[in-house]
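The values are calculated or read from the model by the stated rules, or taken from the named source; none is laboratory data. Here the structure is a predicted model, which is why all the values come from computation and not from measurement. Cβ atoms come from the backbone with ideal geometry, glycine included; neighbour counts cover every protein chain shown. Surface areas here come from the heavy atoms of the whole protein model, side chains and all, with no ligands, DNA or RNA. Shrake-Rupley method; radii C 1.70, N 1.55, O 1.52, S 1.80 Å.
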Amino acid sequence: MVRHSESGAPYLISQHVAPHVHVVNAGDGRHAHPTQGLLDMLTIRHYKGDFSNLTVAIVGDVLHSRVARSDIHALTTLGCAEVRVVGPRTLIPGDLREMGVQVYHDLQEGIKGCDVVIMLRLQNERMSGALLPSSQEYFKSFGLTQEKLQHAKSDAIVMHPGPINRGVEIDSSVVDGKQSVILPQVTFGIAVRMAVMSIVAGNEA
């Protein structure tokens with residue numbers, strides 16, 4: 001199992017180990033986080049069932065997020081009706097439309113009518129240069145509050161891969177609110193990663 005700050009590290013390692021050795025990507029740089037993507041899909045399926053009618057918004061620092069890329073790939077593969085990414089222009093990669101998603105730079109418009117809202121943290125440790133004026137300004141425009149959440153469907157669920165920056169990308173009232181499934185999401189993560197390890201161990205037997 002490999003977690004590395006450099007994108008592509010697990011793939012590189014897989015090219016230099018014996019054929020029977022399994023390499024599990026536990027997150028590499030800004031590239032991908034497959035097990036987080038799996039647990040996010042399990043969470044959505046648990047609460048919403050069929051993906052084909054869902055509109056899902058991924059909000060925040062998409063540019064530096066490996067979770068966002070894994071979620072986008074998973075959602076589009078599973079036939080999600082519409083996948084949106086929402087964030088400031090400085091934190092949205094320019095090639096996302098090629099991945100089959102809709103891009104929004106206004107939070108209220110981006111989550112309007114959504115069934116699922118996945119919030120991402122600001123990854124300041126991966127930023128170079130002044131991509132944002134301040135965390136306070138970011139929260140004012142893109143922080144999810146109860147008032148802004150009303151633009152999504154009344155039964156929309158709110159997710160977050162963690163760690164959470166309360167008062168930066170999401171308000172505490174939303175984290176602890178009735179539409180939040182963040183704690184169950186963490187629990188599903190334990191089950192998913194146990195399943196991955198079980199599959200790997202089974203293949204080695």
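Here the extension length gained between Met194 and Asp106 equals 27.9 nm, from 0.36 nm per residue of separation less the Cα-Cα distance.
The number of Lys pairs in the chain with C-alpha atoms less than 21 Å apart, excluding pairs fewer than 8 positions apart on the same chain, is 10.
Name the shape class, rounded, prolate or oblate, that the alpha-carbon gyration tensor gives for the chain, where a ≥ b ≥ c are the square roots of its eigenvalues, rounded holds for a/c under 1.5, and otherwise prolate holds if a/b is larger than b/c and oblate otherwise. Here the chain falls in the prolate category. Taking all protein chains together and a 1.4 Å probe, the residues Thr90, Thr35 rank Thr90, Thr35 from largest to smallest accessible area.
Take 59-68, 141-150, 187-196 and order them by the average number of nearby Cβ atoms within 10 Å per residue, most first; the result is 59-68, 141-150, 187-196. Per residue of the chain, the DSSP helices (runs of n ≥ 4 H) give a summed -39500 (n - 2.57) that works out to -11000 deg cm²/dmol at 222 nm.
His16 contributes an accessible area of around 140 Å² to the protein surface, as traced by a 1.4 Å probe with all chains present.
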